[in-house]
Amino acid sequence: MIEIPGYNIKGEIGQGGMASVYLAVQSSLDRQVALKVMAPALAADPTFTRRFLQEARTLASLAHPNIVQVFDVGVTSNQQHYFSMQYLAGGDFLARVQRGILESELKAVLHGVAKALGYAHQRGYVHRDVAPGNILFDASDNPVLTDFGIALAASQATRITSTGLSVGTSHYMSPEQARGGDIDARSDLYSLGVLAYYGLVGKTPFDGADGFAVAYAHVFEPIPRLPDKVAHWQSLFDRALAKDPKDRFADVEDFMAGLDTIPVSSASAQDGATLKMKTLTETAPAAPARAAATVVNVRPEVLKRSTTPVAIPPKAQVRTSANAHPRGGAGTWVAILVLGLIGSGALGAYFWPRGSSPPPNAAVLTAPNARPTAPATTSPAASTTNPVVSNITPTGNPATAAPDTTVSTPPVPASPLSPDVATKPPVDDTPLSSAIASAGENSIPSLPETDTVAEAPAEVVDFPTVEDPVPKLVKLGRADLAAQRLTTPVGASALDRFKLALRIDSRDKGAKQGISDTARAYLTLGEKSYATGDLTQMSGNFARALEVAALVPEAKPVADDVVQRRASYAGPLLEDAKKASVSWDKDAAKLAYEKALTVDPNNAVAQEGLRKLPSIGSKGFVFRDALKDGSQGPDMVVLAGAKLAAGRYEVSRGEFRRYWNAAGSRQFGGKEPSCRDRESFFRSSRKRNWQNADIAQEDNHPVVCITADIAAGFAAWLGEQTGKRYRLLSSGEWEQLAREAPGGECRSANLADAAFNKLFESKAGSGCDDSFAATAPVGRFGAVGAGVYDIDGNVREWVHACGANAATCRDHLVRGRSWMSPADKEAVTFSDKLSADIASNTIGLRLARELDARK
């Protein structure tokens, strides 16, 4: 048993010529993984380390629920190359079909595989080996595409495969793949169509005695007709298995659209009966040939017996006749037919199914003009009837092989534990490892002189032996951040790279910081949009910042900043909306509230403001009139009938000060009468006035020590400043409001209480305590009716005694109870007639404002 730091290995679950797969527990996260470890004999060869690393990198770059996940990649101190993957314990598609599968299940599997392929195609990869053994199932029974060992990167097409080379599993190859021609994503869709056919019928659509025959069938034989029971699938296969790629489905979305049009068979759905499939041992290969084997389309003379291994140059091409079809037409197939006659045993070794013995008549034939050679020297495990076919790695590097020497590989039983290549030994890897072990570097000569034309090998990207993808992803993400590629293009943006890095290593601080920085970049963009007045763009950027910040806890400070900025930017808009509302300007208020919600979508004040807009002008509507200097008048509330508004609160000292400084002191300064303390004639003093009432007061307390004339003067001034009709309430208007007052003590009104008794050494107050010995701030006690506060308690209020419009009226009344009124001795509707020049620190005022159709 091997040892890999950080992993507790439970046992081997699969073995191939290039690597072994172990079930292991990743110690740091206590999770089961499939650990793929490269064969030690191959670790010294850069060709194999590149290929091994390429598979890990490919999988690590593809973050999709239907593609096997790579968690970690590395190399130990003793040069054991490994990478850990998602552990898939649900078996493979081969076993699923063998036990029987419903059409609805088949469609679900095809959808999952198609989505995985579409995701890979968008990122420039062609899988090239879509076969049953490479479709595994996770614990939730979701299909997962595995084995990207020979996946083709579109940008490296000429380095991974060339004309004349065919790579893949023969029964699932597209025609162009079988010919060794150029391929693209439509080749995978052809293989997906073969997979669908196998799942439906229980065998592949094209078969033959050997790999050559199967390849020939893919290219030339017509698409088979389905049995009547499943004939409704025929249209899908007619497109998916078209010989010419341009006649197939254009892409994965097109394929899935075609798949969705196929109705599920009623017999299967209603009866619950599965489409029982013949096992592959009866009708098809036990397991399709492994993807990485390569057939080189060379002239028959090349396949001569030799006592030594032969190196096949990269990009080996066949020199065909002048009229040969450039895409592999009749001229090419003449050569292939000859190749089939001369080297059927060799081709059988490549195309023959995994786990099956070669056909009994397979034999090595030499070309008629070939020079005789000595018998090949083989190891005890070698088979002289099964010559090795040259192989190629995914990066395009040809591997050396002995055309006449093959080490037979015993079949490995299928295992439901396989996460990737666990139970499927690559056909190319075993003979390669044997060839390397038995042939020294200096024993590999060049090809003999033939008509074959060898091109110079394409330059191969010089990957390090092992490279941790996480730091590289973080570095790429940083570059994307600098270039403002925050979340687009998909798969090549800063966020995608950081997320992928975290998927590989969920603890990586660089990736977490990168996500936080991506969120802050959106915050910065939002601030720039706000500065230019583009609130819609600002809102979108802020929302994106929150979405990104939610991915990692480390980005919470960014989210907090977004919330703070939203509230800050919404504040002035809410103030504008409020001013417009109290001015009865519905349109301006609506616009301001909507802007506030654009800035801060969940702002409760803006939402409530919009909800209340229709109530403008109706009973309970609160507004303020604007003064000439741009300031706002006192809060007024519309009463029942919508013809009169009353002051929401008693006039405060702060509101009265504006009047006194602007006009009141000139009109009444020096003429102020004595102000009585607690309404006593004997406690009257000219030194006592509204600014110094001998009781504790602040600007939010009701103004006191004013006469009826001063109160009327304040109302007249306010009307002049606003252009509206302000006055004092009439006695009847006040009485109507007072009838709605509850008339309690302490809890509902500021009356004489325990605090009053203590301050003034009195016994007149009640035993309850409202915490105010004298006046309380306006609006502190409950509202009545439409929303008028302090109609009972706090201060008595001046009203007109002889009608609201009697300008010459000299009789004035004070109504209500004050802070010195005993609750058990005075009624809520208390009334007293006083002359216009009487003032007391228990008397204040409340305004009325007449309304009309124009407000």
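The values are calculated or read from the model by the stated rules, or taken from the named source; none is laboratory data. What you see is a predicted model; the values in this text were computed from it and never measured. Virtual Cβ from ideal backbone geometry, glycine too; neighbours counted across all protein chains shown. Quick note on the areas: whole protein, heavy atoms, side chains included, nothing else; ligands and nucleic acids left out. Shrake-Rupley method; radii C 1.70, N 1.55, O 1.52, S 1.80 Å.
Okay, here's what the table says:
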read-out	value
For Glu797, solvent-accessible area (1.4 Å; no DNA, RNA or ligand), Å²	0 Å²
Hz values of 3J(HN,Hα) by residue in the stretch 561-573 - Karplus curve (6.51, -1.76, 1.60), Gly and Pro given as x	5, 4, 4, 5, 5, 4, 5, 5, 6, 6, x, x, 5
Residues with amide H under 5 Å from that of Leu728, placed H, sequence gap 5 or more	Ala848
Interatomic Cα distance distribution for the stretch 537-581, bins of 5 angstrom, percent	5, 22, 22, 18, 13, 9, 6, 3, 1
Under 17 Å from Lys499, Cα to Cα: lysines that are on another chain or at least 8 residues apart	Lys472, Lys475, Lys509, Lys512, Lys556
Separation between Cα centres of the stretch 814-855 and the stretch 709-762, rounded to whole Å	5 Å
Residue-count net charge about Ala250 - beta-carbon cut-off 12 Å; Lys, Arg +1, Asp, Glu -1	-1
Local electrostatic count, Ala741, Cβ distance below 10 Å [Lys/Arg +1, Asp/Glu -1]	-1
Efficiency of FRET between Asp824 and Gln736 - r from beta-carbon atoms, R0 30 angstrom, step 0.05	0.75
GluC sites (Glu not before Pro) within the stretch 1-75: DSSP coil, no more than 13 neighbouring Cβ in 10 Å	Glu3
For the stretch 1-140, accessible area per residue (1.4 Å probe, heavy atoms of protein chains only), Å²	33 Å²
Hydrodynamic radius (Kirkwood) for the stretch 1-139, which is based on Cα pairs only, to one decimal in Å	16.3 Å
Under Karplus coefficients 6.51, -1.76 and 1.60, residue-wise ³J(HN,Hα) of the stretch 696-706 in Hz, glycine/proline x	6, 9, 10, 5, 8, 8, x, 6, 10, 6, 10
Amide H within-cut-off set for Arg31, under 5 Å, with H built and near neighbours excluded	Gln26
Summed side-chain charge close to Phe830 - residues other than Phe830 whose Cβ falls under 9 Å, Lys, Arg +1, Asp, Glu -1	+1
